[in-house]
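Here the structure comes first, spelled out in structure tokens, and everything after it is commentary.
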Amino acid sequence: MSKILVIAEVAGAKLRKTTLSAITFARNSGLPFDLLVVGHNVGAAAEDLRADGAGVVKVADDASLANYVAEAFTPTVAEAAKGYAVVAVTASSFGKDLAPRVAVRLGAGLASDISAVEASGGALTYRRPMYAGNANAKMQITTAVQVVSARQSEFAAAAPSGGASPVEKVAVVANPLAGRVEFLGFDEVKSARPDLAEAGTVVAGGRSLKSADGFKTVLEPLVDVFGAAMGASRAAVDAGYVPNDLQVGQTGKVVAPKLYIAVGISGAIQHVAGMKNSKVIVAINKDPEAPIFQLADYGLVADLFKAVPELTDAVKKVRAEG
Amino acid sequence: MKILVSLKRTADPDNANKIKIGAGGAKIETTGLEPKANPFDEYAVEASLRLIENGQTKARNAGDKLTVVSFGPKETATSIRQALAMGADDGLLYVTDDESLDGDLVARSLAKVVEAQKPDLVILGKQAVDGDSNQVGQALAELLQWPSATFAMSVELSADKKTAIVGREVDGGVVKLKLTLPAVITVDLRIVSPKSVVNHVTPATFNYADGARFTPLPMIIKAKTKPIVEAPIASLGVDVALKSKYVEFALPPARKGGVKVKDVAELVEKLRSEAKVL
Ligand SMILES: Cc1cc2nc3c(=O)[nH]c(=O)nc-3n(C[C@H](O)[C@H](O)[C@H](O)COP(=O)(O)OP(=O)(O)OC[C@H]3O[C@@H](n4cnc5c(N)ncnc54)[C@H](O)[C@@H]3O)c2cc1C
Ligand SMILES: Nc1ncnc2c1ncn2[C@@H]1O[C@H](COP(=O)(O)O)[C@@H](O)[C@H]1O
């Protein structure tokens, strides 16, 4: 019977929540699935996944896999994937990097960054956004084995389904390129705030905040009063006001929170591609013609330097009243 | 050193919201949208030039060369010509329709071109902004069994040009990898910031202007004399069967614009009683 192998994502030996979106993909496909955890000292991560409904939780654990390097992971993943009809991973930076290589190893076609899956007559049809989300395409893979990366914002994190899948060790395949690619380090951006891709509320700022200090003194209080994640436009990231990984958009993170507040962001199509599926969109912009107002549920034409502190205070008050 | 950059022609990405869907959902129509080089590929050309020149004097490092390759319709030559005007030396165009390509076929075709051209580095955009599939560079590296780094925001070439340290933009920060050439790199947006490329020829004090370079008229004129070799994609001897099949296209459901509120008080009121998010 055809089965799916879901690749878990770990960072620093800890399971990343992204994994739960790939599990939802597997459940939506209606096919039985197993899980594969690759890394070093990932026993606890594998343990965390036992209640998610997998037939087996497979583990490849080795010191050579302590840090994600495509060349090191690909052979092990491809070997474990033998016999499966579908290999699935969430389209995070990890999944986007890994999936195409695994597909090549398996001679499989790739459906990348999909937003939905439909099963009918034994075949899977995938939906994927193209042209910065301005078209939805339905596509199929013509090879017997298929590799899929699923968009986190469109596949809600799976809740545990109970049970206790058995854990099984699988072989670690040596990296043929070990001598030619070396992991030097990970410069992590530490933040106490929720992850952009997982937050219920995102407050995002644009070029108009003018400086890193503008983000700190004007935007951050609003972010924190909501307990939100912070996002940014490309222009704000390029200018160095905030770290790269806060960029929302076609080529940054795609988010779909309950509430998205765009502060001083014009609404270029590349930005819109990353946030238009948010439930409620608020835009604050001093230009009444800014394109962001075409999709905002609530638009406020105002100078952000005045409106944002006011809004922060008002929300604080509402929160205090309960 | 020899660098190969792949470049895709895309419909004007800043106006992607003006695409239409052909009858019965059979096709995405881009009529009326100006064809432009995929912006990430323009950044790949810019990064490559920064690797093979002295940024200060603009002198090309002796023996270094940049070739641009594309797969697409004949008109793609115009986009290759733009890259030549930026400073690339020559172009290769393997002619086919866009519909007859998928990421897998592009990667397998590129692998053939690499075998013939023997570059030290292949630099690609991280994604083509029409298909948004983000796969060719990764697949190419796997096919070639070359070390690789995707989503590059910085590249530092060693003085002996044998290794490169690449900073990769990933979730949660930046990963640094050291690659032994030949290698594959896919570039992200920040690769065109002022100090993102280091080649030990350009003085450390030199700052590039942000973004891909402008092409002055003399360069445009010079580009007209640079060679673009055209051949059918079949000449590469690849199996042209596609591994993916698009069955239908549709416009996404349009999002209705909402209301403008007059002040912060009204906004808070609406968020509380109407949207119920407060
Ligand atoms: C290949 C490529 C990929 C890209 N990918 C992305 C992406 O993933 N994400 C992304 O965001 N962009 C992306 N972009 C860039 C995108 O095209 C826009 O340039 C960018 O989103 C603009 O950012 P911005 O809205 O902050 O700046 P601007 O366009 O400069 O807009 C600033 C806005 O702030 C308003 N404003 C100014 N001052 C105030 C004030 N005091 N109070 C209130 N409002 C004020 C202005 O009216 C204006 O609307 C990409 C571009 C390219 C070419
Ligand atoms: N038809 C093509 N011709 C040349 N290069 C391409 C083509 N399609 C994709 N590429 C290259 O592969 C990169 C990634 O594209 P993709 O995987 O399709 O998102 C692009 O930035 C290009 O460098």
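Okay, here's what the table says:
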quantity: Percent carbon-and-sulfur accessible area, chain B, ignoring ligands, DNA and RNA, probe 1.4 Å; calculated: 56 percent
quantity: Within chain B, longest stretch free of exposed chymotrypsin sites (Phe, Trp or Tyr not before Pro) [DSSP loop, at most 14 other beta carbons within 10 Å]; calculated: B:1-205
quantity: List of the range B:119-151 residues, accessible area with partners at least 50 Å² below that of the chain alone (1.4 Å probe); calculated: B:Asp130, B:Asp132, B:Gln135, B:Gln138, B:Glu142, B:Gln145, B:Pro147
quantity: Local net charge near A:Ala44, Cβ-Cβ under 12 Å (Lys/Arg +1, Asp/Glu -1); calculated: -1
quantity: Centroid-to-centroid separation of the range B:211-272 and the range B:40-82 [C-alpha atoms, Å]; calculated: 20 Å
quantity: B:Thr163 long-range amide H proximity, modeled H, under 5 Å; calculated: B:Ser158, B:Leu181
quantity: Only Lys, Arg (+1) and Asp, Glu (-1) charged, at Cβ; the protein assembly as shown dipole about Cα centre in debye; calculated: 360 debye
quantity: Top of A:Leu300, A:Leu177, A:Leu311 by mean-square fluctuation, Gaussian network on chain A, Cα under 10 Å; calculated: A:Leu177
quantity: Of the trypsin sites (Lys or Arg not before Pro) in the range B:93-133, those whose Cβ has at most 13 other Cβ within 10 Å and which sit in DSSP loop; calculated: none
quantity: Peptide A:178-191 - average C-beta neighbours from other chains (10 Å radius); calculated: 5
quantity: Surface share of carbon and sulfur [accessible, 1.4 angstrom probe, percent] for the range A:201-321; calculated: 52 percent
quantity: Partner chain coverage, peptide A:48-58 - average Cβ within 10 angstrom; calculated: 0
quantity: Chains A and B together, accessible area buried on both sides, 1.4 angstrom probe, square angstrom; calculated: 7000 Å²
quantity: Surface accessible to a 1.4 Å probe, per residue, for the residues of the range B:2-273, Å²; calculated: 41 Å²
quantity: Per residue accessible area of the range A:201-321, 1.4 Å probe, in Å²; calculated: 37 Å²
quantity: Dipole of chain A [Lys/Arg +1, Asp/Glu -1 at C-beta], most positive-end residue of A:Ala164, A:Tyr241, A:Phe25; calculated: A:Phe25
quantity: For B:Lys260, distant residues with modelled amide H under 5 Å away; calculated: A:Gly299
quantity: Long-range HN-HN contacts of B:Ser244 with modeled amide H, under 5 Å; calculated: A:Thr142
quantity: Heavy-atom accessible area, 1.4 Å probe, ligands and nucleic acids excluded: residues of the range A:119-135 down by at least 20 Å² from chain alone; calculated: A:Arg128, A:Met130, A:Tyr131, A:Asn134, A:Ala135
quantity: Sulfur and carbon atoms: percent of accessible area, the range A:4-180 [1.4 Å]; calculated: 51 percent
quantity: Long-range Cα-Cα pairs in chain A (distance over 37 Å), rounded percent; calculated: 23 percent
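The values are calculated or read from the model by the stated rules, or taken from the named source; none is laboratory data. Please read all numbers here as calculations on a predicted model, not as lab measurements. All Cβ positions, even for glycine, are placed from backbone atoms using ideal geometry, and neighbour counts span all protein chains on display. SASA here: full protein model, heavy atoms, side chains in, ligands and nucleic acids out. Shrake-Rupley method; radii C 1.70, N 1.55, O 1.52, S 1.80 Å.
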